[in-house]
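The values are calculated or read from the model by the stated rules, or taken from the named source; none is laboratory data. None of the values given here were measured: they were computed from a predicted structure. Note: ideal-geometry Cβ built from the backbone for every residue, glycine included; neighbour counts use all protein chains shown.
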């Protein structure tokens, strides 16, 4: 039975060997098919993970905010043919604040084994370093960009945090 591997990427310019276990590199070496947010940056990251990898021998399919739900089935086609596939997001963990979650859900529905690999998560690293409540927390994701919507969202986050004694974590895009 083929596997869908969720391959974490480093955050920033962190050296791969400092944050990713050697087992991740072994798995990446064994894959020919990848679903990625951006082919150019995925190629760069894979070369950083496994310098000897021959990028031109790999097959990349993009999954990003422009991918239609109807296209997801095609992204799983190598699995249907017996090949393992790896998902890479731009930074951190696939499926977390990331379009990969839709593909993972479809894989589960089709009985495909999904295997998350160990790697950095900005969410958990932020929580660990915050000194805030790590027993009860919520990940909000991205908050609105428009000022009025953003202010309203922050007020809601503050109310929830106070009412539930809950740490609220969200992502701010540069």
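Only residues that are buried (at least 16 other Cβ atoms within 10 Å of the Cβ) and at pLDDT 90 or above were counted across segment 115-131, and they come to 2.
Pick from 112, 169: which is at pLDDT 95 or above and touching a helix residue (DSSP H, G or I) at 6+ places or on another chain (Cβ under 8 Å)?
Numbers: 169 fails: at pLDDT 95 or above.
After ruling out the rest, the residue left standing is 112.
When residues in segment 4-24 are screened for being closer than 21 Å to residue 100 by Cα and surrounded by fewer than 17 Cβ atoms within 10 Å (Cβ to Cβ), 2 of them pass.
Scan segment 33-59 for residues that are touching a helix residue (DSSP H, G or I) at 6+ places or on another chain (Cβ under 7 Å) and either farther than 13 Å from residue 7 by Cβ or in a helix (DSSP H, G or I) (or both) and the total you get is 6. Quick check, is residue 90 within 23 Å of residue 20 (Cβ to Cβ), touching a residue at least 24 places away in the same chain (Cβ under 8 Å), in the same structural domain as residue 34 (by TED's automatic domain parsing) and out of contact with any strand residue (DSSP E or B) (no Cβ under 6 Å at 6 or more places or on another chain)? It is true that residue 90 is within 23 Å of residue 20 (Cβ to Cβ), touching a residue at least 24 places away in the same chain (Cβ under 8 Å), in the same structural domain as residue 34 (by TED's automatic domain parsing) and out of contact with any strand residue (DSSP E or B) (no Cβ under 6 Å at 6 or more places or on another chain). Scanning segment 79-90 for residues that are surrounded by fewer than 18 Cβ atoms within 10 Å (Cβ to Cβ) and closer than 20 Å to residue 140 by Cα returns a single hit, 90.
The single condition among (1) closer than 21 Å to residue 39 by Cα; (2) part of a loop (DSSP other than H, G, I, E, B); (3) at pLDDT below 95 that residue 83 does not satisfy is (3).
Going through (1) in contact (Cβ under 8 Å) with a residue 12 or more places away in the chain; (2) closer than 25 Å to residue 23 by Cβ; (3) surrounded by 12 or more Cβ atoms within 10 Å (Cβ to Cβ) one by one, residue 57 falls short only on (3).
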